[in-house]
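First comes the structure, then the notes that go with it.
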Amino acid sequence: MPTREHEIWLELIKERPTLAADLLDCVRPDTVPAHTHARIESADLNDHKPTEYRADTVVSLRDEHTDIVAAVIVEVQRRKDLHKRWSWPAYLATLRARLHCPVLLLIISPRPGTAAWCAQPIALGHPGLTLTPLVLGPDRIPAVTDPAQAQDNPELAVLSALVHGHGDDGEKILTAMLHGLDHLGIDQAQGYIDEVLAMLPVAARQILEAMMRTGTREYKSEYARHYFGQGKAEGIAEGEAKGEAKGEAKMLLLVLTARGIDVPDDVRARVLECTDLDQIEQWGRRAGTVATIDELFG
């Protein structure tokens, strides 16, 4: 089952399809064709044979006439998987035949070792046919410290925070991200913040929480004021409680996923919507030992 670390990349691209072109530009700038907009396409890459191929997501790049100028297959790869070296060429060939346009393969790998493995050329056997995937590793993801850049591309700022938020420039990166999120709607900003808080290391998460909670730093967003109740003690306590419950719920789901327990969508929604921290902690104690999802609520 896909993890949050896997899904966050795809959610951001689905929210802002042009992000796929932005990330390709980080890997190889001369690869991205001129286009005016982008949209998500079906990720089913099946042909008429029984074999099923499905990419993580597919983005089409289009010109001002809405004609497709290229398509991007986006795969998030967190670990080595030898089967992908056989399926990736099939993805390209199948989508190229379906859309009748150039097709690019972008592999996102947040882990340096896996990124290096993904970038190895794949010899197809036919003379002259070798596929070299375009791989976005952590070293190619820009550290967005400029608030103006974050405002122009808040999704890229979120990815920057996830990858570089715990580094030497972490505070600048987190500050820029908050500036970018301040220009989004409250619900969308809260969703991004929840993901970043759930995935950052403890030290970086505490810095981000402090930046949102206090007015002593250079940045104080409308989103932060909403989240922490205009800085009032009661509002802060409520915001902290909701944030803690949300974080515990996400960790509970990650534990279940890591143990290979299937979590249906209705159960995932029930856990994420729960604001009773005691109840979530009770479920969390069971998550490490249950064999089925039904036992979690027993």
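What to note about this one:
- Those residues of the range 102-123 which are touching a Ser or Thr at 6+ places or on another chain (Cβ under 8 Å), touching a residue at least 24 places away in the same chain (Cβ under 8 Å) and farther than 23 Å from I141 by Cβ, in sequence order: I122
- The criterion of at least 3 residues that are out of contact with any Lys or Arg (no Cβ under 8 Å at 6 or more places or on another chain) and among the charged types (D, E, K, R) is met, among helices (runs of 4 or more DSSP H) falling completely within the range 77-163, by 84-99.
- The selection criterion, being surrounded by 21 or more Cβ atoms within 10 Å (Cβ to Cβ) and closer than 24 Å to C118 by Cα, does not hold for G128.
- Check on R79, charged (D, E, K, R), under 25 Å from P138 (Cβ atoms), assigned by TED's automatic domain parsing to the domain that holds P133 and free of Cβ contacts under 8 Å to residues at least 40 places away in the same chain: yes
- Among the residues examined, G113 qualifies as surrounded by fewer than 22 Cβ atoms within 10 Å (Cβ to Cβ) and under 25 Å from the mean Cα position of the chain (by Cα).
- Taking the listed residues A123, A119, the one that is surrounded by fewer than 19 Cβ atoms within 10 Å (Cβ to Cβ), in contact with a Gly (Cβ under 9 Å, 6 or more places away or on another chain) and assigned by TED's automatic domain parsing to the domain that holds W88 is A119, with no other qualifying.
- Within the range 37-52, the presence of a residue that is more than 27 Å from T3 (Cα to Cα), in a loop (DSSP other than H, G, I, E, B) and modelled with pLDDT of 90 or more is excluded.
- Filter pass, V158 being touching a strand residue (DSSP E or B) at 6+ places or on another chain (Cβ under 6 Å) and modelled with pLDDT of 90 or more: no
- Residue list for the range 145-174, restricted to those being buried (at least 19 other Cβ atoms within 10 Å of the Cβ), of a type in the set (A, V, I, L, M) and over 18 Å from S109 (Cα atoms): A150, I173, L174
The values are calculated or read from the model by the stated rules, or taken from the named source; none is laboratory data. In this text, all values refer to a predicted model and were calculated from it rather than measured experimentally. When we count neighbours, we look across all protein chains shown, and the Cβ atoms used for this are built from the backbone with ideal geometry, even at glycine.
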